[in-house]
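Report on the structure given below.
The values are calculated or read from the model by the stated rules, or taken from the named source; none is laboratory data. Note that the structure is predicted; figures quoted are calculated from it, not measured. Cβ sites come from the backbone with ideal geometry, for glycine too, and all protein chains shown count toward neighbours. What goes into the accessible areas is simple: the full protein's heavy atoms, side chains included, and nothing from ligands, DNA or RNA. Shrake-Rupley method; radii C 1.70, N 1.55, O 1.52, S 1.80 Å.
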Amino acid sequence: MSGCALVLILGATSDIARAAARRYAACGHALILVARDATRLEDDAADLRLRFGGAVETRVCDLLDEASRAALLDSLSVLPGIVLCAVGLLGDQAEAERDPALAERIIGTNFTAPALVLGELANRMAGRGSGVLIGISSVAGERGRASNYLYGSAKAGFTAFLSGLRARMAGRGVRVVTVKPGFVRTRMTDGLNLPAPLTAGPEEVTAAILDAGRRGVDVVYVRPVWRLIMLVIRMLPEAVFKRVKL
Amino acid sequence: MRLSGWGRHPWADGALLAVRTGGDVTRRLRPAASLIARGNGRAYGDAALNPQGMLSMLPMDRLLAFDPATGLLTCEAGVTLADILAVFGPRGWFPVVTPGTKFVTIGGAIAADVHGKNHHRDGGFGAHVRSLDLALADGRVVTCGPGREPELFAATLGGMGLTGVILRASFRLRPIETAWIRQETRRAATLDDALALFEQSGDRSYSVAWIDALAGGASLGRSVLMLGEHAVASDLPAGLRAAPLVSGRRGTLRVPCDFPGCALNRHSVAAFNEAYYRLAVPGTRLVDLERFFYPLDALLDWNRLYGRRGFVQYQCVVPRAAAAGGLRRLLTATAASGLASFLAVLKLLGPQGAGLLSFPLDGYTLALDFPATAPVFALFRELDAIVADHGGRLYLAKDARMDAEALRRGYPELDRFLAARQAWGARSIFHSLQSRRLGI
């Protein structure tokens with residue numbers, strides 16, 4: 001059914017989402033792009049239409065805002081076949097430790113908002129009996145680290161949410177895919193010194209997403225080495241873990 | 001990050017900051033900053049190097065609008081001609097002006113006011129730009145074009161990124177019926193023959209010559225001219241007429257490693273040149289667009305042929321009236337040096353365009369590639385004197401070594417350019433290794 005399904009992309013101006021949108025459009029999918037920034041959204045949509053000639057709609061929406069979320073869901077005259085959620089905010093951990101408003105925004109952007117909107121879309125897809133929900137979570141959610149635990153804990157919540165949703169949707173025709181990209185060269189990581197062997201480009205993440213969507217994989221690590229790294233990190237005893245700088 | 005231009009000489013170590021939107025660019029324009037925009041790294045020398053900061057424009061790669069009634073395309077500065085060819089070629093559109101590689105960005109094409117094999121008829125890339133958006137030093141974004149802020153536009157065309165950061169541009173594509181070129185090959189046994197052939201071929205859409213820069217004496221300047229016209233559907237054999245805009249997809253090869261520095265030596269190049277000249281069969285045939293315009297793009301990373309030390313290109317133009325004498329002296333000095341230029345290209349250019357620092361002028365351009373070695377730099381200084389004597393100048397997009405004096409002598413509008421740079425506040429922020437070397 002996902003052959004030429006309508007694809008809804010949440011957080012559509014992120015680098016991963018942009019790369020994914022090009023892939024989907026190249027495969028002939030119609031798209032609905034959702035993000036806050038109307039200008040960038042329109043530029044991205046124009047690019048996709050010119051390159052691939054397909055239908056591209058846009059919705060300006062702040063997913064952190066309940067009314068805005070509701071308006072988005074109401075505006076969907078056709079329920080999409082595939083939903084890709086690429087919403088995320090790394091944020092500055094140190095700043096967020098002092099600024100509760102930022103902390104709340106990190107938690108809301110990475111967990112609350114995506115969970116609420118995907119939960120509602122899942123209900124509708126279950127009613128129809130088909131659909132694919134793809135959530136971009138993070139390896140950072142596998143253990144809270146001193147350097148980014150606000151982001152990490154929110155992603156942990158999102159990962160657990162996707163896991164539970166997947167279990168609930170099993171047998172109801174709706175698939176839920178969790179993507180854990182590891183390091184990716186994007187706006188989020190600009191200026192960070194990332195180790196090349198562990199770092200993927202947005203196109204690599206996109207290839208993994210589309211592949212998972214087709215093959216029916218539940219949890220995707222874009223670079224398999226991350227599965228091993230996170231296994232080791234999870235196995236470290238707390239007494240050791242709290243002393244290592246990660 | 002260690003970066004160089006296409007010639008892999010010189011290198012600079014500095015931060016390359018990716019920008020995705022105009023907002024990203026203006027946020028980087030802080031008063032104490034020193035920056036230069038960088039596209040796809042196809043300028044040969046140090047024009048897009050600045051150890052204090054470079055903006056990678058490549059993520060700004062959105063196509064924004066296209067009007068099939070006029071061929072006017074609007075896109076962001078990081079879009080490459082390769083993108084445009086891939087998207088619009090099959091729909092029957094082609095850039096009005098294209099340089100010898102499709103791997104340049106639109107921002108780079110405007111900043112260098114690149115020219116192609118049709119400069120004698122159609123002018124440079126900038127002649128087909130309707131307007132562009134430029135982020136100025138103070139963070140404002142100004143739209144300029146031939147009819148709007150024309151002085152800023154003229155300074156930006158060929159201005160090597162030194163007036164601001166080009167964010168987006170609108171420019172024309174030309175309609176094409178097929179993805180093929182009718183190429184006529186002609187041999188010229190001497191320099192005079194080559195110039196005569198160019199003069200006779202002024203009505204041809206495209207013309208360019210490969211020239212044997214090692215040949216001296218009676219063979220000085222022997223060349224193979226390639227003339228081209230866009231093929232129309234009726235030019236194609238029946239087998240190609242069904243899909244005239246689909247060209248034969250050819251594979252690419254990649255140079256897998258740095259060649260030893262000595263691979264391109266006097267003897268290997270002389271043997272190649274002899275074979276090339278002999279094997280260039282005069283006559284007319286169909287070649288696909290990509291092969292005609294971008295023969296070297298099929299060999300990815302061909303800059304590695306010159307080994308680790310890199311290479312430098314000497315591209316100069318000599319006014320038409322002085323061309324025969326000037327080119328003869330340039331080629332004689334080159335042949336006498338015994339240094340081997342693997343790629344040597346001769347081309348007729350048309351009148352100068354609007355760009356204050358645009359390279360083309362009514363005359364002949366000669367381009368020679370050499371490994372970046374001490375004897376080569378000595379030869380270049382000798383060539384500089386000949387170019388200056390004949391009222392010519394050097395191409396900033398290829399340059400890695402000319403001095404401030406050569407720039408001043410070659411570019412009579414330099415003071416106007418500097419005044420514009422001053423007036424728009426660009427002098428405080430936009431610098432490259434090249435601008436510092438040239439003192440502009």
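Working carefully through the options B:Gly221, B:Gly159, find the one that is within 27 Å of B:Ala111 (Cα to Cα) and open to solvent by less than 10 Å² (accessible area, probe 1.4 Å). Give the derivation first.
Details: B:Gly221 fails: within 27 Å of B:Ala111 (Cα to Cα).
That would be B:Gly159, the only listed residue that is within 27 Å of B:Ala111 (Cα to Cα) and open to solvent by less than 10 Å² (accessible area, probe 1.4 Å).
Criterion first (in a helix (DSSP H, G or I) and away from every other protein chain (no Cβ under 14 Å)) does A:Arg105 satisfy it? Even if it seems obvious, please write down each step before you answer.
Working: in a helix (DSSP H, G or I): yes; away from every other protein chain (no Cβ under 14 Å): yes.
In short, yes.
Tell me, which strands (runs of 3 or more DSSP E) wholly within segment B:134-241 include 1 or more residues that are touching a Cys at 6+ places or on another chain (Cβ under 7 Å)? Spell out how you get there, then give the answer.
Working: elements: B:141-144, B:165-175, B:180-188, B:206-211, B:223-230.
So the answer is B:165-175.
If B:Arg42 satisfies every condition in (1) open to solvent by 10 Å² or more (accessible area, probe 1.4 Å); (2) under 30 Å from A:Arg49 (Cβ atoms); (3) within 14 Å of another protein chain (Cβ to nearest Cβ) but one, which is the exception?
All conditions are met except number (3).
Which count do you get for residues in segment A:160-188 that are open to solvent by less than 20 Å² (accessible area, probe 1.4 Å) and within 14 Å of chain B (Cβ to nearest Cβ)?
The qualifying residues number 2.
Might you check whether a residue that is without any contact (Cβ under 8 Å) to a residue 40 or more places away in the chain, surrounded by fewer than 24 Cβ atoms within 10 Å (Cβ to Cβ) and under 17 Å from the mean Cα position of the chain (by Cα) occurs anywhere in segment B:347-366? Full working, then the answer.
First, the residues of segment B:347-366 that are without any contact (Cβ under 8 Å) to a residue 40 or more places away in the chain: B:352.
Going one step further and asking which of them are surrounded by fewer than 24 Cβ atoms within 10 Å (Cβ to Cβ), we end up with B:352.
Checking which are under 17 Å from the mean Cα position of the chain (by Cα) leaves us with B:352.
Yes: one or more hits.
So which residues in segment B:377-389 are out of contact with any Ser or Thr (no Cβ under 9 Å at 6 or more places or on another chain), open to solvent by 50 Å² or more (accessible area, probe 1.4 Å) and farther than 20 Å from B:Leu361 by Cβ?
B:Arg381
Of (1) out of contact with any Lys or Arg (no Cβ under 7 Å at 6 or more places or on another chain); (2) crowded, with 19+ Cβ neighbours inside 10 Å; (3) free of Cβ contacts under 8 Å to residues at least 60 places away in the same chain; (4) farther than 30 Å from B:Gly228 by Cα, B:Ala15 satisfies all except one. Which?
(2)
If you go through segment B:315-334 one residue at a time, how many are buried (at least 20 other Cβ atoms within 10 Å of the Cβ) and farther than 29 Å from B:Phe153 by Cβ?
Final tally of qualifying residues: 6.
What do you reckon, is A:Arg234 open to solvent by less than 60 Å² (accessible area, probe 1.4 Å), more than 14 Å from every other protein chain (Cβ to nearest Cβ) and farther than 19 Å from A:Ala19 by Cβ?
Judged against the criteria, A:Arg234 is not a match.
With the condition being in contact with a Phe, Trp or Tyr (Cβ under 8 Å, 6 or more places away or on another chain), within 14 Å of chain B (Cβ to nearest Cβ) and in contact (Cβ under 8 Å) with a residue 12 or more places away in the chain, I'd like the helices (runs of 4 or more DSSP H) fully within segment A:1-92 carrying at least 3 qualifying residues.
Details: elements: A:15-26, A:38-52, A:66-75.
Fully inside segment A:1-92 and qualifying: A:15-26.
Being without any contact (Cβ under 8 Å) to a residue 40 or more places away in the chain, within 14 Å of another protein chain (Cβ to nearest Cβ) and part of a loop (DSSP other than H, G, I, E, B): is that true of A:Gly191 here?
Working: without any contact (Cβ under 8 Å) to a residue 40 or more places away in the chain: yes; within 14 Å of another protein chain (Cβ to nearest Cβ): yes; part of a loop (DSSP other than H, G, I, E, B): yes.
Against the criterion (without any contact (Cβ under 8 Å) to a residue 40 or more places away in the chain, within 14 Å of another protein chain (Cβ to nearest Cβ) and part of a loop (DSSP other than H, G, I, E, B)), A:Gly191 qualifies.
Does segment B:299-312 hold any residues that are in contact with a strand residue (DSSP E or B) (Cβ under 7 Å, 6 or more places away or on another chain) and open to solvent by 20 Å² or more (accessible area, probe 1.4 Å), and which are they?
Hits for segment B:299-312 are B:Leu299, B:Leu300, B:Asp301, B:Arg309.
Specify the residue that is surrounded by the fewest Cβ atoms within 10 Å (Cβ to Cβ); the eligible residues are those in segment B:18-32 that are more than 12 Å from chain A (Cβ to nearest Cβ) and closer than 14 Å to B:Gly161 by Cβ. Steps first, please.
Restricting attention to segment B:18-32, the residues satisfying the condition of being more than 12 Å from chain A (Cβ to nearest Cβ) are B:25-26, B:29-32.
Next, only the ones that are closer than 14 Å to B:Gly161 by Cβ stay: B:25, B:29.
Values: B:Val25: 24, B:Leu29: 20.
Looking at the filtered set, the residue picked out is B:Leu29.
Name the residues in segment B:276-297 that are surrounded by 14 or more Cβ atoms within 10 Å (Cβ to Cβ) and not in a strand (DSSP E or B), would you? First the steps, then the outcome.
Within segment B:276-297, the subset surrounded by 14 or more Cβ atoms within 10 Å (Cβ to Cβ) is B:277, B:280, B:286-295, B:297.
Across segment B:276-297, the qualifying residues are B:Tyr277, B:Ala280, B:Leu289, B:Glu290, B:Arg291, B:Phe292, B:Phe293, B:Tyr294, B:Pro295, B:Asp297.
So which residues in segment A:194-237 are over 30 Å from B:Met54 (Cβ atoms), acidic (Asp, Glu) and touching a residue at least 24 places away in the same chain (Cβ under 8 Å)?
Answer for segment A:194-237, where residues must be over 30 Å from B:Met54 (Cβ atoms), acidic (Asp, Glu) and touching a residue at least 24 places away in the same chain (Cβ under 8 Å): just A:Asp218.
Do we find a residue being over 27 Å from A:Arg185 (Cβ atoms), open to solvent by 60 Å² or more (accessible area, probe 1.4 Å) and more than 18 Å from the chain's Cα centre (by Cα) anywhere in segment A:20-30? Please lay out each step first, then the result.
First pass over segment A:20-30, keeping only residues over 27 Å from A:Arg185 (Cβ atoms): A:28, A:30.
Checking which are open to solvent by 60 Å² or more (accessible area, probe 1.4 Å) leaves us with none.
No, that holds for no residue.
Can you name the number of the only condition in (1) within 30 Å of B:Gly228 (Cα to Cα); (2) within 17 Å of the chain's Cα centre (by Cα) that B:Thr185 fails?
B:Thr185 satisfies every listed condition except (2).
Which one of these is open to solvent by less than 30 Å² (accessible area, probe 1.4 Å) and out of contact with any Phe, Trp or Tyr (no Cβ under 6 Å at 6 or more places or on another chain): B:Leu58, B:Leu85, B:Leu72?
Details: B:Leu58 fails: open to solvent by less than 30 Å² (accessible area, probe 1.4 Å); B:Leu72 fails: open to solvent by less than 30 Å² (accessible area, probe 1.4 Å).
Going through B:Leu58, B:Leu85, B:Leu72 in turn, just one is open to solvent by less than 30 Å² (accessible area, probe 1.4 Å) and out of contact with any Phe, Trp or Tyr (no Cβ under 6 Å at 6 or more places or on another chain): B:Leu85.
Take the residues in segment A:202-231 that are under 15 Å from the mean Cα position of the chain (by Cα) and part of a loop (DSSP other than H, G, I, E, B); name whichever of them is nearest to the other protein chains (Cβ to nearest Cβ). It would help to see each step written out before you state the result.
Of all residues in segment A:202-231, those under 15 Å from the mean Cα position of the chain (by Cα) come to A:202-210, A:212-213, A:218-222.
Subset that is part of a loop (DSSP other than H, G, I, E, B): A:218, A:222.
On the way: A:Asp218: 32, A:Val222: 19 Å.
It comes out as A:Val222.
Exactly one of (1) surrounded by 22 or more Cβ atoms within 10 Å (Cβ to Cβ); (2) within 14 Å of chain A (Cβ to nearest Cβ) is unmet by B:Trp6. Its number?
The failed condition is (2).
Can you confirm whether segment B:234-241 contains a residue that is of a type in the set (Lys, Arg) and under 20 Å from B:Val269 (Cα atoms)? Can you show your working first?
Applying the first criterion (of a type in the set (Lys, Arg)) to segment B:234-241 yields B:241.
Those still in the list that are under 20 Å from B:Val269 (Cα atoms) too: none.
Among the residues of segment B:234-241, not one is of a type in the set (Lys, Arg) and under 20 Å from B:Val269 (Cα atoms), which makes the answer no.
Which of (1) within 20 Å of B:Gly126 (Cα to Cα); (2) within 14 Å of chain A (Cβ to nearest Cβ) does B:Ala37 not meet, given it meets every other one?
(2)
For segment B:20-37, enumerate the residues that are of a type in the set (A, V, I, L, M, F, W, C) and free of Cβ contacts under 8 Å to residues at least 60 places away in the same chain. Please lay out each step first, then the result.
Going residue by residue through segment B:20-37, those that are of a type in the set (A, V, I, L, M, F, W, C) are B:25, B:29, B:32-33, B:35-37.
B:Ala32 - this is the single residue of segment B:20-37 that is of a type in the set (A, V, I, L, M, F, W, C) and free of Cβ contacts under 8 Å to residues at least 60 places away in the same chain.
Condition first: open to solvent by less than 20 Å² (accessible area, probe 1.4 Å) and more than 22 Å from A:Met188 (Cβ to Cβ). Now tell me which residues in segment A:77-114 satisfy that.
A:Pro80, A:Gly81, A:Ile82, listed by residue number.
Exactly one condition in (1) under 29 Å from B:Tyr306 (Cα atoms); (2) out of contact with any Leu (no Cβ under 9 Å at 6 or more places or on another chain); (3) surrounded by fewer than 19 Cβ atoms within 10 Å (Cβ to Cβ) is false for B:Val232; which is it?
Looking at each condition in turn, B:Val232 falls short on (1).
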